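Notes to accompany the following structure.
The values are calculated or read from the model by the stated rules, or taken from the named source; none is laboratory data. Please read all numbers here as calculations on a predicted model, not as lab measurements. In this analysis, Cβ positions are derived from the backbone assuming ideal geometry, glycine residues included, and neighbour counts consider all displayed protein chains. Each accessible area value is taken on the protein alone, full model and side chains, heavy atoms only, with ligands, DNA and RNA left out. Shrake-Rupley method; radii C 1.70, N 1.55, O 1.52, S 1.80 Å.
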Amino acid sequence: QVQLVESGGGLVQAGESLRLSCVASGSIFSINHRGWHRQAQGKQGELVAGITSGGSTNYADSVKGRFTISRDNAKNTVYLQMNSLKPEDTAVYYCSVDSSSSRFTLPRRTWGQGTQVTVSS
């Protein structure tokens with residue numbers, strides 16, 4: 001099993017920054033993809049940013065130029081640097097990891113518990 005522990009959420013004012021962290025542990029042989037998703041109250045969840053094993057990144061249009069996803073493979077940690085935060089960024093943010101426990105198993109997705117980000121105007 002894989003466990004994800006997120007940290008770094010909180011309450012900030014518009015224009016400020018936050019950095020989210022997500023540490024993976026457990027039965028990890030390889031990681032295909034790591035992502036940050038968010039779900040605002042009453043809205044559908046969305047992928048905010050993702051990074052592949054090769055280092056390719058992708059972002060939701062709404063956060064391009066403001067958010068940056070990065071990783072530290074040695075620490076099995078992925079980060080989401082969020083700058084110039086807006087009230088519409090308010091949501092619960094979840095990290096995900098697509099990982100395999102061995103070379104013979106297909107990757108499966110594990111989700112973190114979520115961390116609240118609230119941006120006041």
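Taking the numbered list (1) over 11 Å from the mean Cα position of the chain (by Cα); (2) open to solvent by 50 Å² or more (accessible area, probe 1.4 Å); (3) over 19 Å from residue 14 (Cβ atoms) in turn, residue 64 passes all entries but (3). You will find that of 15, 26, the residue that is more than 26 Å from residue 108 (Cβ to Cβ) and loosely packed, with under 14 Cβ neighbours inside 10 Å is 15 and no other. Checked against (1) touching a residue at least 24 places away in the same chain (Cβ under 8 Å); (2) under 24 Å from residue 105 (Cβ atoms), residue 83 passes all but condition (2).
Could you please find all residues in segment 70-121 being among the aliphatic types (A, V, I, L, M) and either surrounded by 15 or more Cβ atoms within 10 Å (Cβ to Cβ) or more than 14 Å from residue 25 (Cα to Cα) (or both)?
Let us first name the residues in segment 70-121 that are among the aliphatic types (A, V, I, L, M), namely 74, 78, 80, 82, 85, 91-92, 97, 106, 117, 119.
78, 80, 82, 85, 91, 92, 97, 106, 117, 119 - these are the residues of segment 70-121 that are among the aliphatic types (A, V, I, L, M) and either surrounded by 15 or more Cβ atoms within 10 Å (Cβ to Cβ) or more than 14 Å from residue 25 (Cα to Cα) (or both).
Given the options 76, 32, 58, name the one that is more than 21 Å from residue 1 (Cα to Cα) and among the polar types (S, T, N, Q). Matching residue, one of 76, 32, 58: 58. Per the listing 97, 78, 92, 117, the residue uniquely over 11 Å from the mean Cα position of the chain (by Cα) and either in a strand (DSSP E or B) or in contact (Cβ under 8 Å) with a residue 40 or more places away in the chain (or both) is 117.
With respect to being farther than 18 Å from residue 113 by Cβ and not in a strand (DSSP E or B), residue 65 fits the description.
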